[in-house]
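So the structure is just underneath, and the comments pick up after that.
Please treat every number below as a calculation from the coordinates, not as lab data. This is a predicted model, so every value here is computed, not measured. Neighbour counts are summed over all protein chains in view; Cβ atoms, including those assigned to glycine, are modelled from backbone coordinates with ideal geometry.
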Amino acid sequence: MKLAAQEHLLPGGSLLEKWAFAQSAGFDGIEILVKSRAEFGERLPELREAAQSGVVLSSICLAGGPFIGEFDPEKRREALERMKLLLETAPQIGARGVVTPAAYGIFSKRLPPFEPPRSAEEDHRILLEALRTLGEHARKVGTTLFFEPLNRYEDHMVNTLEQAAAYCQETGLESVKVIADLYHMNIEEAQLPSSIRKAGKHLAHVHLADSNRLEPGAGHSDFASALAALRETGFDGFMAFEGRLSGPAEQVLPVSAHRLRFWP
C-alpha cells in the first residue's frame, strides 16, 4: 500500500517540511495541487528542487478550472494546453500522472435548470477527443492521464467508474486510466468493491476521503471491502488523502494512515 496526502493537508511551510511530516505520519508521497497555469509555472523551480531533494511527488491534481469538458471552446482549449504542460512536467518531478475530471461545477442534471446546454452525444464527442489528444501526449512524454468521475452534483457527464473505464477503453490508449475517489463513489456506486473489481485494469490511482469528505475512518464508508477489492485487482498505485480533516493534521493523519494499513 502506497499512501499519499494532498499538500494542503500537510503542516509545514515548504515541500521539504511537509515531506518530513508526511513520512513521520506514515505516508509515502505528496499529491501536488494545481489552481492555474500561471501559479504552476511559478512553482516549477520549487517542485523540481523538492524532487531532486528526495521528496516523493506521487501525482498532480487539478484544483481549479478550466476543465476539458467545458461548454466554452476557448476554455476547453485553455484546459488542454494546461493539461499538456502538467503531463510534460509529471515525469520531470517523478509524479506518476495527472488527475482531471471531465469538469467540475459547470452543470448538474440534479439541480435547476436540469437540462444541460449540450447534448449527451456532444458531451461524449468532446470528452473522447480531449482524452485521446491528452492520452497521446501522455504516451509521448512517458506519463499517465488519470480520469476522475465526480458525483452527480458536481458533474453531469461522468459519474461512475464504469463510465470512466468505458472512455479509457474507447481511447485505446494505456496512457489513459481511471482514478477511483471513494467520496464520489459513496454517492454514485451501488457497491464499492464490485465497482472497483469491474474497473480492474483501467484503475491506476485512488483518492481517499470518507462519506463526509473527511479522512478515512471519520465517516461511514466501507473502506475494508474497498481495500480488499483493490488488493484483488492487483492495484499498485498511490492512494491519496484529499478533502478535509476532522482535527489537527498532527493528530488525525498518523491515526488514519495507520488504520488504513491495518484495516481488517
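Just a few scattered comments:
- Applying 1/(1 + (r/R0)^6) with r as the Cβ-Cβ distance of Asp72 and Glu170 and R0 = 30 angstrom yields a FRET efficiency of 0.80.
- Efficiency of FRET between Arg43 and Leu128 - r from beta-carbon atoms, R0 22 angstrom, step 0.05: 0.10
- Among 147-153, 223-229, 169-175, sorting by the average number of other beta carbon atoms lying within 10 angstrom of each residue, highest first, gives 147-153, 223-229, 169-175.
- Note that the stretch 127-133 has calculated 3J(HN,Hα) couplings of 5, 5, 4, 5, 5, 5, 4 Hz, one per residue in order, obtained from phi through the Karplus relation 6.51 cos²θ - 1.76 cosθ + 1.60 (θ = phi - 60°); glycine and proline are x.
- Amide H within-cut-off set for Leu57, under 5 Å, with H built and near neighbours excluded: Ile30
- When peptides 55-66, 130-141 are ranked by their average number of other Cβ atoms within 10 Å per residue, the highest-first order is 55-66, 130-141.
- Cα shape, the chain, gyration tensor, a/c 1.5 rule: oblate
- Likely footprinting exposure, Arg37, Arg110, fewest C-beta neighbours within 10 Å first: Arg110, Arg37
- In a fully extended conformation the segment linking Arg244 and His220 would gain 7.1 nm over its present Cα-Cα distance, using 0.36 nm per residue.
- Among Arg96, Arg125, Arg76, residue whose mean-square fluctuation peaks in a GNM of the chain (springs only between Cα atoms under 10 Å): Arg125
- Diffusion coefficient, µm² s⁻¹, Stokes-Einstein with Kirkwood Rh over alpha-carbon pairs of the stretch 1-131 at 4 °C and 1.567 mPa s: 80
- Relative contact order for the stretch 2-54, counting Cα pairs under 8 Å that sit 6 or more residues apart, in percent: 36
- When Tyr183, Tyr104 are arranged by Cβ crowding within 10 Å, least crowded first, meaning fewest neighbours, the order is Tyr104, Tyr183.
- Residue among Ala190, Ala20, Ala102 with the largest mean-square fluctuation in a Gaussian network model of the chain, springs linking Cα atoms under 10 Å: Ala190
- Residues whose amide H lies under 5 Å from that of Phe238, counting only those 5 or more places away or on a different chain, are Val206; hydrogens are built 1.01 Å from N in the peptide plane.
- Spin-label model distance (nm) - Glu136 vs Lys109, 7 Å beyond Cα toward Cβ: 3.0
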